[in-house]
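Below: the structure, in structure tokens.
Each reported figure results from applying straightforward, stated rules to the coordinates on display, with no laboratory input. Bear in mind that the values here come from a model prediction, so they are computed numbers and not experimental data. Reconstructed Cβ throughout: ideal geometry from the backbone, glycine too, with neighbour counts over all protein chains shown.
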Amino acid sequence: MDLPAPKVVVFDLDGTLVDSDAALVAPFVQLGVDPADITFGHAVAEECARLGISMSDYVGAYDTKVVEAFDGVQTVLDAVPRWAVCSNKHPESGRAELERLGWEPEVAMFADEFGWAHKSLPPVLERLAVGPAEVLMVGDSNGDLHCAEQVGCDFAWAGWNPRVAEAGPGGTVLDRPSVLLWLLGIFD
């Protein structure tokens, strides 16, 4: 891996820090959507609109108590000096999960702060007071990759997510969260 050591790691939440695919799908299925029609990586409002579901119904059906961190994520978050979350998730669900997991990122931005459209990194970088060259974004979707490409920061795939590992994307794929400690020059 030839990425320079970043000052800040910006993580996507769903599918990157937390194993949430089943939790994200469950409300749609409960509301009558065929699981084959559900895709990942979209802003919650956009996916609800695309599937013809009320966002408030979706959020009401979403269980914030079922997702868990991927193995090894907690150790990484405990060691990373500066980290943030940039997520398409509804803020009510996202904040509840961060609180339940005891996570306190330096910045956490959710769908409402992006006008319910797809997330973007410029407002996150502004709050962090860093430039793109100082940031590594870690995510699990092409939308996450696009966010990084838009600002020109480095990007790494959360290859510990089985969906990402199966897809075999190009670029830097981290097979386990602890690889981030090596990228940051932190060794356990």
Exercise. Out of residues 5 or more away from ASP154 or on other chains, whose amide H comes under 5 Å of its own, with H placed 1.01 Å from N in the peptide plane?
Worked result: VAL135, MET137
For this session: Would you kindly give the portion of the calculated P(r) for the range 71-174 that falls above 17 Å, as a percent of all Cα pairs?
Result: 56
Exercise. With each pseudo-label sitting 7 Å past Cα toward Cβ, what's the ALA129-ASP57 distance in nm, one decimal?
Worked result: 4.6
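Where does the range 3-45 land on Rg/Rh, using Cα atoms and the Kirkwood Rh?
Working: Rg = 14.3 Å, Rh = 12.4 Å.
Taking Rg over the Kirkwood Rh, I get 1.15.
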Exercise. Given a Förster radius of 25 Å and the C-beta distance between GLU104 and ASP37 as r, what FRET efficiency does 1/(1 + (r/R0)^6) yield to the nearest 0.05?
Worked result: 0.10
Exercise. Taking the alpha carbon gyration tensor of the range 21-61, what are the square roots of 5 times its eigenvalues, largest first, to the nearest whole Å?
Worked result: 12, 12, 10
Problem set entry | Qualifying chymotrypsin sites (Phe, Trp or Tyr not before Pro) in the range 111-188, DSSP loop, other Cβ atoms within 10 Å at most 14 | PHE187
Seminar exercise, completed: With Cα springs under 10 Å, the Gaussian network model of the chain assigns the largest mean-square fluctuation among VAL135, VAL151, VAL44 to VAL151
Exercise. If you plug each phi of the range 110-127 into the Karplus form 6.51 cos²θ - 1.76 cosθ + 1.60 with θ = phi - 60°, what whole-Hz ³J(HN,Hα) values come out, in order, with x for Gly and Pro?
Worked result: 10, 3, 4, 7, 10, x, 6, 8, 4, 4, 8, 7, x, x, 5, 5, 4, 5
For this session: Would you mind checking which residues have amide H under 5 Å from ASP140's amide H? H placed 1.01 Å from N; only 5 or more apart, or other chain.
Result: ALA158
Seminar exercise, completed: Whole-Hz Karplus couplings 3J(HN,Hα) for the range 53-64, θ = phi - 60° and coefficients 6.51, -1.76, 1.60, Gly and Pro as x, run 10, 5, 4, 5, 5, 4, 4, x, 8, 6, 9, 6
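Over the chain, what is the percentage of antiparallel beta bridges among all DSSP beta bridges, to the nearest 5? Display every interim value, and only then the final one.
On the way: 2 of 19 bridges.
Among the beta bridges of the chain, antiparallel pairing accounts for roughly 10 percent.
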For this session: Please find, in a Gaussian network model of the chain (springs between Cα atoms separated by less than 10 Å), the residue of ALA49, ALA111, ALA133 whose mean-square fluctuation is greatest.
Result: ALA49
Exercise. In sequence order, what are the phi-derived ³J(HN,Hα) couplings for the range 133-138 according to the Karplus relation 6.51 cos²θ - 1.76 cosθ + 1.60 with θ = phi - 60°, rounded to whole Hz, with x for glycine and proline?
Worked result: 5, 9, 10, 10, 9, 10
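Can you sort HIS146, HIS90 from fewest to most other Cβ atoms within 10 Å of each residue's own Cβ? The partial results should precede the final answer.
Numbers: HIS146 16, HIS90 23.
Ranked by crowding around the Cβ, least crowded first: HIS146, HIS90.
Rounded, prolate or oblate: which fits the range 100-143 when a ≥ b ≥ c are the square roots of the eigenvalues of the alpha-carbon gyration tensor, with rounded for a/c under 1.5 and prolate only if a/b beats b/c?
rounded
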Exercise. When the distances between all Cα atoms of the chain are binned every 10 Å from zero, what whole-number percent does each bin get?
Worked result: 9, 39, 38, 12, 1
Problem set entry | Positive-pole candidate from ILE38, VAL164, SER141, dipole of the chain, charges at beta carbon | SER141
